[in-house]
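A.B. asks: I have a structure here, written as structure tokens, and I will follow up with some questions on it.
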Amino acid sequence: MTVRGMTKREPNPAEPMNLAFAEAAAARARGEVPVGAVVLSPDGQVLARAGNEVEARSDPTAHAEVLALRAAAAAIGSPRLEGCDLVVTLEPCPMCATAISFARIRRVVFAAYDPKGGGVDHGPRIFSQPTCHHRPEVVGGVQAAKAEALLKDFFAGLRA
């Protein structure tokens, strides 16, 4: 893509997803469900990154997506993250999908699908509801096998 004679590099989706996986690994090391999220500015710069902190904060809303959205909004000084992308290792739950809509995220890229708790391609399908005011572009299944393995390994360790 060329802008005013300069070449603008399109972001490689693997790069931010790898950052999200690093956040998921850090969450796992803290005993949290291993989910990580990254918010990218319209020009592809990392605005915020976070992993789950539900247990550490004793806060059921401290999902990686919500924490990353909060940090990105604080970084730009606006609750609206128009033109920004969210990259996350697991399909967002209904709560996170609603927050994504309210933040006006441009695109959501996620790794593993979540048939049990997802809110985008499963469950209530928040972005498909007539009451949803903003519907981001959604890309699912990016590095899904890696995310699924991370989650399965984590939950197997809890059962052992």
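A.B. asks: Is it the case, given these coordinates, that ARG70 is over 19 Å from PHE154 (Cβ atoms) and modelled with pLDDT under 95?
C.D. replies: On the way: over 19 Å from PHE154 (Cβ atoms): yes; modelled with pLDDT under 95: no.
Spelling it out, it is not the case that ARG70 is over 19 Å from PHE154 (Cβ atoms) and modelled with pLDDT under 95.
A.B. asks: Looking only at region 107-160, count every residue that is open to solvent by less than 60 Å² (accessible area, probe 1.4 Å) and at pLDDT below 95 and tell me the total.
C.D. replies: Total satisfying the criteria: 2.
A.B. asks: Let me ask you something else. So ALA160 passes all but one of these: (1) touching a Phe, Trp or Tyr at 6+ places or on another chain (Cβ under 9 Å); (2) more than 15 Å from MET17 (Cα to Cα); (3) small (Gly, Ala, Ser). Which condition number does it fail?
C.D. replies: (1)
A.B. asks: Given the criteria surrounded by 23 or more Cβ atoms within 10 Å (Cβ to Cβ) and either modelled with pLDDT under 95 or under 16 Å from ALA50 (Cβ atoms) (or both), does GLU91 qualify?
C.D. replies: Details: surrounded by 23 or more Cβ atoms within 10 Å (Cβ to Cβ): yes; either modelled with pLDDT under 95 or under 16 Å from ALA50 (Cβ atoms) (or both): no.
Spelling it out, it is not the case that GLU91 is surrounded by 23 or more Cβ atoms within 10 Å (Cβ to Cβ) and either modelled with pLDDT under 95 or under 16 Å from ALA50 (Cβ atoms) (or both).
A.B. asks: For region 18-57, give me each residue that is open to solvent by less than 20 Å² (accessible area, probe 1.4 Å) and part of a helix (DSSP H, G or I). Before the answer, list the steps.
C.D. replies: Taking region 18-57 and keeping what is open to solvent by less than 20 Å² (accessible area, probe 1.4 Å), we get 20-21, 24, 27, 32, 34-41, 48, 50-52.
Answer for region 18-57, where residues must be open to solvent by less than 20 Å² (accessible area, probe 1.4 Å) and part of a helix (DSSP H, G or I): ALA20, PHE21, ALA24, ALA27.
A.B. asks: Of everything in region 56-66, what is touching a residue at least 24 places away in the same chain (Cβ under 8 Å) and either more than 16 Å from ALA25 (Cβ to Cβ) or of a type in the set (Val, Ile, Thr) (or both)? Give them in sequence order. Write out each step before concluding.
C.D. replies: Keep residues of region 56-66 that are touching a residue at least 24 places away in the same chain (Cβ under 8 Å), which gives 56, 61, 63-66.
Across region 56-66, the qualifying residues are THR61, HIS63, GLU65, VAL66.
The values are calculated or read from the model by the stated rules, or taken from the named source; none is laboratory data. The structure displayed is predicted, hence computed values, not measured ones. Positions of Cβ are backbone-derived with ideal geometry, glycine not excepted, and every protein chain shown enters the neighbour counts. Ligands, DNA and RNA are excluded from the accessible area calculation, which covers all protein heavy atoms including side chains. Shrake-Rupley method; radii C 1.70, N 1.55, O 1.52, S 1.80 Å.
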